[in-house]
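Comments concern the structure below.
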Amino acid sequence: MKVLVINGSPKGSRSNTYQLAKAFLEGMEEGAGAAKEVFEAEEIQVYRLNIRSCLGCFSCWDKTPGNCCIRDDMQEVIRKLLWADITIWSFPLYYYTVPGGLKNLIDRQLPMVLPFMAENETGTGNGSHPSRYDMGGKKTVVISTCGFYTAEGNYDGVCSLFDHCYGKGNYTTVFCGQGELFRVPDVARRTNEYLGYVRDAGREYAAGGIRPETERKLEQLLYPKETFETWADLSWGIDKEDGKRESDALIFTRQMAALYRKESYQGREQVLEMYYTDIEECYQIVLGKDGSRVLTEELMAADTRIETPLPVWRSIAAGEIRGDEALMKQLYRVKGDFNLMLRWDDYFGGTGHRGEEARQGAGAGKGHGLDGKSGAGINMPDKETNMSIMLIPWMVFWIAAGVDGYIGSFASIGVCVLVPLLFHRNKKTWFDSLSGALAGGFSVAVLAGAPVRLILPLSYLAFGIMWTATCFREIPITAYYSMNQYNGEDALRNPLFMKTNRILTLMWGILYLMTPIWTYFLLGTPMASYTGAVNSVFPVVMGIFTVWFQKWYPAKIARGE
Ligand SMILES: Cc1cc2nc3c(=O)[nH]c(=O)nc-3n(C[C@H](O)[C@H](O)[C@H](O)COP(=O)(O)O)c2cc1C
């Protein structure tokens, strides 16, 4: 598979569109690799070449057939066009058609056709010239971004040109509105998600054709019209009414406000106060049912106040630093309601979907979010871990064997055998396997005649050791399970999440290391059959504490305490 990319943007490799073309090409390469097909790609940066405009002399038809009288870089372009099996035309929309430099290149293809008149076989227009070369089997892809909120209705000129050249339906298109967003780091989460779809399209194209599902994703707007247009207007930093330039911090705050997703409205207005400590400017964003508004004066009581130097918040927005890392380093502080921070990406974070945005190479954008949803380009597991699966064998053994050692142990073994069936829906951790093995082993020991009074405390001790030992490992046990609520494995890179979990794991570990002591004594009393119930009380209290601590501790760090 020989692919030629023609980048017609004057911005060269800084082109928005070129990012799409590259993603498509990468996908094609993956597709070709999967099909064990040899893949070769060449690239033409049109604006780096010397391609003069056609003189209209027709000497390429009569005096020097097939050769233009202008000796410049076009000869090399034609050689590459003839070499390629697939040509990808990548360009921005300029005045509803292709940029001028690219139009020159298109015109200069005249030596590639014969002068004679022929029947038009493209189905568009009347009259044509036969090709000088055998172009049969060659394929064409057209990729373009435009500046308006949608591509729809803006590509009639481009389509008309390509319909005439290649025939209606004989080429594949990827047209995307809001193209300028591809150079804005603040919205990288969404644009990377889109680039992920483009990559999928490339892979599918190489395998035979883009799937309708992928086409639908490519047709979706990056952001709703209103959000994009507000954001785009603000990006010029000029007041629409009086043409005056606003402060950088205010423009930045307004752009952040423009990204607010009103679907995340929590039933009451929330006031987010941004205090830029380095320039001592303070603005508020009111997050309401119908959208957001920015207050520059007559400020209200703030629900959440972020105190940050402007460059810090900019870097976080641009994905240069993670929001959670910056918070741990106390580069900024948060006062008031911390919930907004925990749900940051729901409020401001694009439209990424779990799993989809994090596909290979597509999740590189990082938000401010402390909710762990700031994509970091890892593959999300399809299945989630589930702590209940790990606990079930233990619970059954502790409760049932506490009531009746013999029957309880049988029940426990039965559960240990059945639990693995749950793994078709859940991701297995090695604690799940170890728990099944240990609880099963203790049950067998009881059935073999070992005293329940000894085995039950020993089982708590084993559980406590398994749990506490993970505090000294890279990932504490609770993190394996609670990461599901924080966008999966990305949470494992969040230092605040990890520290919170390490503390919680240690506290739970200590509880279970102590449980054998009173269990042993309790089993020697008439209350023995209630041991399981008694031992459930402490975990319930700890559970309530855990829920509180998971919110309280990050908020304490955020306040800079
Ligand atoms: C001279 C000029 C003309 C443009 N004409 C249009 C247009 O007709 N419609 C549109 O939606 N965007 C238009 N744009 C915006 C570009 O298509 C848009 O910014 C695109 O994403 C740039 O892509 P690039 O970075 O690949 O060059 C125009 C931009 C320039 C500079």
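Quick one: Cα centre-to-centre distance for segment 144-158 and segment 516-561, in angstrom?
If you average the Cα positions of each part, the centres end up 60 Å apart.
Give me P(r) over segment 441-484, computed from all C-alpha to C-alpha distances, binned every 10 Å, as integer percentages.
Values per bin, smallest distances first: 25, 35, 25, 14, 0.
Please identify the chymotrypsin sites (Phe, Trp or Tyr not before Pro) of segment 170-257 that satisfy two criteria: DSSP loop assignment and at most 16 other Cβ atoms within 10 Å. Which are they? Working shown, then result.
On the way: sites: Y171, F175, F182, Y194, Y197, Y205, F228, W231, W236, F252; in loops: W236.
Answer by residue number: W236.
Reachable lysines from K36, Cα under 28 Å, same-chain residues fewer than 8 places away excluded?
Qualifying lysines at Cα under 28 Å: K2, K22, K80, K138, K139, K217.
I need the GluC sites (Glu not before Pro) found in segment 151-253, filtered to DSSP loop residues with at most 14 other beta carbons within 10 Å of theirs.
On the way: sites: E152, E180, E193, E204, E213, E215, E219, E226, E229, E241, E246; in loops: E152, E241, E246.
Those satisfying the criteria are E152, E241.
For A318, project a label point 7 Å along Cα to C-beta. Then give me every residue of segment 279-300 with its amide nitrogen under 18 Å of that point.
279
If N is the number of residues in segment 188-270, what value comes out of its Cα radius of gyration divided by 2.2 N^0.38 Å?
It is 1.50.
Give me the extension gain from R245 to S160: residue separation times 0.36 nm, minus the current Cα-Cα distance, reported in nm with one decimal. Numbers along the way, then the final one.
Values: separation 85, 0.36 × 85 = 30.60 nm, distance 4.09 nm.
26.5 nm is the gain from fully extending R245 to S160.
Note down the magnitude of the dipole of the chain about its Cα centre, charges +1 on Lys and Arg C-beta and -1 on Asp and Glu C-beta and zero elsewhere, to the nearest 20 debye.
Here the chain has a charge dipole of around 1160 debye.
Considering all alpha-carbon pairs of segment 405-561, what whole percent are spaced by more than 21 angstrom?
54
With labels modelled as points extended 7 Å from the Cα through the Cβ direction, what inter-label distance (nm, one decimal) is found for E152 paired with R79?
4.6
Using every Cα-Cα pair within the chain, state what percent have a distance larger than 32 Å.
59
Modelled label-to-label distance, V417 and I279, 7 Å Cα→beta-carbon offset: nm?
With each label placed 7 Å out from Cα toward Cβ, I get 7.0 nm.
For the pair A35/E561, report the inter-label distance in nm, with labels modelled 7 Å from Cα in the Cβ direction.
That separation, rounded to one decimal, is 6.2 nm.
Ratio of Rg to Rh for segment 470-561, alpha carbon only, Kirkwood? Write out the running numbers ahead of the final one.
Details: Rg = 16.1 Å, Rh = 14.8 Å.
That ratio is 1.09, to two decimals.
What helices in the chain pass both tests, a Cα length along the helix axis of 18 Å or more and a mean Kyte hydropathy of 0.0 or higher, using whole DSSP H runs?
387-403, 405-418, 430-447, 452-469, 495-522, 531-558
Gain in length, D290 to M135, computed as 0.36 nm per residue apart minus the alpha-carbon separation, to one decimal in nm?
On the way: separation 155, 0.36 × 155 = 55.80 nm, distance 5.49 nm.
Full extension from D290 to M135 adds 50.3 nm.
Hey, if you drop one equal point scatterer on each alpha-carbon of segment 1-131 and run the Debye formula without solvent, what base-10 log of I(q)/I(0) do you get at q = 0.09, 0.13 Å⁻¹?
The calculated log intensity ratios at q = 0.09, 0.13 Å⁻¹ are -0.31, -0.65.
Just want the ordering: V198, V334, V294, from fewest to most Cβ atoms lying within 10 Å of their own Cβ. Let's see the in-between values first.
Details: V198 26, V334 21, V294 17.
Exposure proxy ranking, most exposed first: V294, V334, V198.
Among DSSP beta bridges lying fully in the chain, give the percent that are antiparallel, nearest 5.
Around 40 percent of the beta bridges assigned by DSSP in the chain are antiparallel ones.
Since every read-out is calculated from the coordinates, none of them should be taken as a lab result. Every value quoted in this text rests on a predicted model; they were computed, and no experiment measured them. Positions of Cβ are backbone-derived with ideal geometry, glycine not excepted, and every protein chain shown enters the neighbour counts.
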